[in-house]
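See structure below.
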Amino acid sequence: MLGIPDPAIWLGYLLAILSVAACIVYSVRYWNKSDDPLPDPSEKEKNWEKVEEKINEML
Amino acid sequence: MLGSIIAFLVYLFILTYLGYLGYKHTKNTADYLVGGRQIHPLIMALSYGATFISTSAIIGFGGAAGTLGMGLLWLTFLNIFVGIFIAFVIFGKRTRKMGHNLDAHTFPELLGNRFQSKFIQGFAGIIIFLFMPIYAAAVLKGGTDFIQSHFGIAYEISLLFFAAVVALYVWMGGLKGVMYTDAFQGIIMFGAMIFLLIFAYNKLGGVGTAHEQLGALYQNADVQPQIEKLVKGGFRGWTSMPALGTPIWWSLVTTIVMGVGIGVLAQPQLVVRFMTVKSNRELNRAVLSGGIFIIMMTGVAFVVGALSNVFFFNETGKIAIAAAGGNDKIIPAFIKTFVPGWFGIIFFLALIAAAMSTLSSQFHAMGTAMGRDFYQKSLGKKGNTILITRTSMLLAIILSVVLAFLANKLDASMQIIATGTALFFGLCAASFLPAYLSALYVRNISTKAVVAGMIAGFSVGIFCIFFVHEKEAASLQLCNLLFGKTSIVKDTGLAKLALIDPIIFSFPASVLVTTIGYFVSKNKNSESHINNCFNGI
């Protein structure tokens, strides 16, 4: 297959492509799915962002 | 040369401007979080991908494919399936939630807060600070090898130049507004690799024909004397897997494919990326672009690395490693010899981009590992944290440069970059992965079980690196000094163990000890803490 005689090689080639295909299918299938209320971030997330910003400032 | 300098300056200007834009944007937005939410998942995925993929993957592992063949495509498969799909879906979503619930900002902090253990945070911080420079050195060596080969500048000078550019980038604010700059770098990398793929297949007459020519090379009478040593080690051609159980098979399967393929799940600089994502929806969307990006990076580097043998043989009568003068020189020599000059400039920029996006996050991780995780949180010291963090980062940069300098003294036929990278990835998998997975999925596991698992994985890994796995033990010299041989199992009935990568022993050891600990020790973390950890999960 694909000019490659060893199945152990073309299988790796094929699986790499198929795994990309799986990523695309998964992404499209769950494109809008989220368990978070997007417009209203929690206090915890806001606090997290503030501390993160401080750490980056420090660096 | 002049074209390269101009292109490089334009590139630096764009990078600075984007960094400034990202920084200004986050500063001026009233609600940073809302502003952050507007970041497109494509930008996030490119940023993650650019951090994941470095010169190590393109130059080091691409060169390994030039020597060992297309078997490395199994690593591409793991890079996508494990490094993107499982990482984002199984680990990413819970990491994001738990990171916010526990106010964790580094990977050691996530583990430390989850298990309410200062020891875990400090121990993880120390491992990162001490061993990540090996990985950073591998990334530096990749860029340096290219500069040396492409511009004909001595390795030492190329290294200093490359390190100075990266340090300048970090100093200019490479750690701020990083999403945009990383994404820009990701786009350059993506464009360069697409060109490289089309160029290589097109020049060799198409996909099937190119592979057939590569396969036929193994049988060529002129090639046989050049691969004699490789064949003795188990090599059976660039389009075949090495013979089962031979030294090359063990190296390819356990070190290159499994070490990096699994180790990616516990990479501290990648784990923190999940916490910066604003919702699971973004992670779902990023899986698409992440998968495509990774196959275009490692997939192309490995295919072109292997195919470079046909190019070199047709031109010089030599196989790639012989013509290039070393495993890590294969991709740079290929670019210099066979692709148009203008592309050499683009590829140079792509490599700088690949290195900078990875190195800046590594330096960030190493600085915080020592300053925040070890000094401030684990030791409980107050004050001087900024000084400690910045000094640690500087020390990490210096240590990485020194290691990259020393790496050039090693045997050039070795996969130096790939081995260095795999060493760190393997050590991370053994030390952190069972703890990380337990943190996210096992509510009532005890801190003791996790600590025991981490220590077991790390200890077995270090022991194998220094005393058993000959590839590393021989270079590190300690085994030779103490026992007078390059591996303690050499010339014994267990000699085969010297070929097997440490991850094959250390990771199961960590899993086993963590599992035993789960059954024999009682979880003492309070129910309210556990509920807080898993809030919303």
Scanning for something at pLDDT 90 or above, surrounded by 20 or more Cβ atoms within 10 Å (Cβ to Cβ) and touching a Lys or Arg at 6+ places or on another chain (Cβ under 7 Å), does segment B:391-403 turn up at least one residue? no
Considering each of B:Gly493, B:Gly453 in turn, give the residue that is of a type in the set (Gly, Ala, Ser) and either touching a helix residue (DSSP H, G or I) at 6+ places or on another chain (Cβ under 8 Å) or within 30 Å of A:Glu45 (Cβ to Cβ) (or both). B:Gly453
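State which residue is farthest from the other protein chains (Cβ to nearest Cβ) when the search covers only segment B:313-332 and only residues that are buried (at least 24 other Cβ atoms within 10 Å of the Cβ) and part of a helix (DSSP H, G or I).
Keep residues of segment B:313-332 that are buried (at least 24 other Cβ atoms within 10 Å of the Cβ), which gives B:319-321, B:324, B:327-328, B:330-332.
Those still in the list that are part of a helix (DSSP H, G or I) too: B:320-321, B:324, B:327-328, B:330-332.
Numbers: B:Ala320: 17, B:Ile321: 19, B:Ala324: 22, B:Asn327: 20, B:Asp328: 23, B:Ile330: 19, B:Ile331: 19, B:Pro332: 24 Å.
Looking at the filtered set, the residue picked out is B:Pro332.
Suppose the filter is touching a residue at least 24 places away in the same chain (Cβ under 8 Å) and either within 22 Å of the chain's Cα centre (by Cα) or part of a helix (DSSP H, G or I) (or both); does B:Leu387 pass it? Talk me through it step by step, then tell me what you get.
Numbers: touching a residue at least 24 places away in the same chain (Cβ under 8 Å): no; either within 22 Å of the chain's Cα centre (by Cα) or part of a helix (DSSP H, G or I) (or both): yes.
No.
In segment B:443-536, which helices (runs of 4 or more DSSP H) lie fully inside it and hold 1 or more residues that are crowded, with 17+ Cβ neighbours inside 10 Å, modelled with pLDDT of 95 or more and under 23 Å from the mean Cα position of the chain (by Cα)? Steps first, please.
Details: elements: B:447-463, B:470-476, B:478-483, B:503-520, B:527-533.
Qualifying helices (runs of 4 or more DSSP H): B:447-463, B:503-520.
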Scan segment B:218-233 and report the pairs whose first residue is in contact (Cβ under 8 Å) with a residue 40 or more places away in the chain and whose second residue is of a type in the set (Lys, Arg), with Cβ atoms within less than 8 Å and a gap of 6+ or a chain change. B:Gln226/B:Lys318
Would you kindly identify the helices (runs of 4 or more DSSP H) lying entirely within segment B:83-158 that contain at least 2 residues that are within 17 Å of A:Glu52 (Cβ to Cβ) and touching a residue at least 24 places away in the same chain (Cβ under 8 Å)? B:93-101, B:107-114
B:Leu196 passes all but one of (1) more than 14 Å from chain A (Cβ to nearest Cβ); (2) closer than 17 Å to B:Val300 by Cα; (3) part of a loop (DSSP other than H, G, I, E, B); which number fails? (3)
Checking B:Thr298 against (1) within 19 Å of the chain's Cα centre (by Cα); (2) under 13 Å from B:Met44 (Cα atoms); (3) within 9 Å of another protein chain (Cβ to nearest Cβ), which test does it fail? (2)
Of the conditions (1) among the aromatic types (Phe, Trp, Tyr); (2) over 16 Å from B:Met297 (Cβ atoms); (3) within 13 Å of another protein chain (Cβ to nearest Cβ), B:Phe91 fails just one. Which one is it? (3)
Take segment B:199-223 and flag every residue that is within 11 Å of chain A (Cβ to nearest Cβ), aliphatic (A, V, I, L, M) and assigned to a helix (DSSP H, G or I). B:Val207, B:Ala210, B:Leu214, B:Ala216
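So that you can scan it fast, the table gives a plain yes or no per residue for (1) within 14 Å of chain A (Cβ to nearest Cβ); (2) of a type in the set (Asp, Glu); (3) farther than 18 Å from B:Leu399 by Cβ:
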{"position": "B:Asn101", "(1), (2), (3)": "yes, no, yes"}
{"position": "B:His105", "(1), (2), (3)": "yes, no, yes"}
{"position": "B:Ile120", "(1), (2), (3)": "no, no, yes"}
{"position": "B:Ala154", "(1), (2), (3)": "no, no, yes"}
{"position": "B:Ala164", "(1), (2), (3)": "no, no, no"}
{"position": "B:Tyr169", "(1), (2), (3)": "yes, no, yes"}
Is it fair to say B:Thr276 is in contact with an Asp or Glu (Cβ under 9 Å, 6 or more places away or on another chain) and farther than 20 Å from B:Leu197 by Cβ? yes
Scanning segment B:182-217 for residues that are without any contact (Cβ under 8 Å) to a residue 24 or more places away in the chain and surrounded by fewer than 18 Cβ atoms within 10 Å (Cβ to Cβ), the one nearest to B:Gln362 (Cα to Cα) turns out to be B:Ile198
Pairs please, first residue from segment A:7-28 and more than 18 Å from B:Val207 (Cα to Cα), second anywhere and assigned to a helix (DSSP H, G or I) and aromatic (Phe, Trp, Tyr), Cβ atoms under 8 Å, 6+ apart in sequence or on different chains. A:Ser19/B:Phe77; A:Ser19/B:Phe81; A:Ser19/B:Phe85; A:Ala22/B:Phe81; A:Ala22/B:Phe85; A:Cys23/B:Phe85; A:Tyr26/B:Phe85
Inter-residue pairs, beta-carbon under 8 Å, first within 16 Å of B:Ala354 (Cβ to Cβ) and in segment B:5-18, second polar (S, T, N, Q), 6+ apart: B:Leu15/B:Thr181; B:Leu15/B:Gln185
Assuming B:Asn280 fulfils every condition listed in (1) at pLDDT below 95; (2) closer than 16 Å to A:Gly3 by Cβ; (3) of a type in the set (S, T, N, Q) apart from one, which condition is it? (2)
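Just to be sure, is B:Ala396 closer than 25 Å to B:Leu110 by Cβ and either touching a residue at least 12 places away in the same chain (Cβ under 8 Å) or under 24 Å from the mean Cα position of the chain (by Cα) (or both)?
Details: closer than 25 Å to B:Leu110 by Cβ: yes; either touching a residue at least 12 places away in the same chain (Cβ under 8 Å) or under 24 Å from the mean Cα position of the chain (by Cα) (or both): yes.
For B:Ala396, the condition - closer than 25 Å to B:Leu110 by Cβ and either touching a residue at least 12 places away in the same chain (Cβ under 8 Å) or under 24 Å from the mean Cα position of the chain (by Cα) (or both) - is met.
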Testing B:Ile86 on (1) more than 8 Å from chain A (Cβ to nearest Cβ); (2) surrounded by fewer than 23 Cβ atoms within 10 Å (Cβ to Cβ); (3) over 22 Å from A:Leu15 (Cβ atoms); (4) not small (Gly, Ala, Ser), one condition comes back false. Which one is that? (3)
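The values are calculated or read from the model by the stated rules, or taken from the named source; none is laboratory data. Note that the structure is a prediction, hence the values are computed from the model and not measured. Every residue, glycine among them, receives a Cβ derived from its backbone with ideal geometry; neighbour counts consider all protein chains shown.
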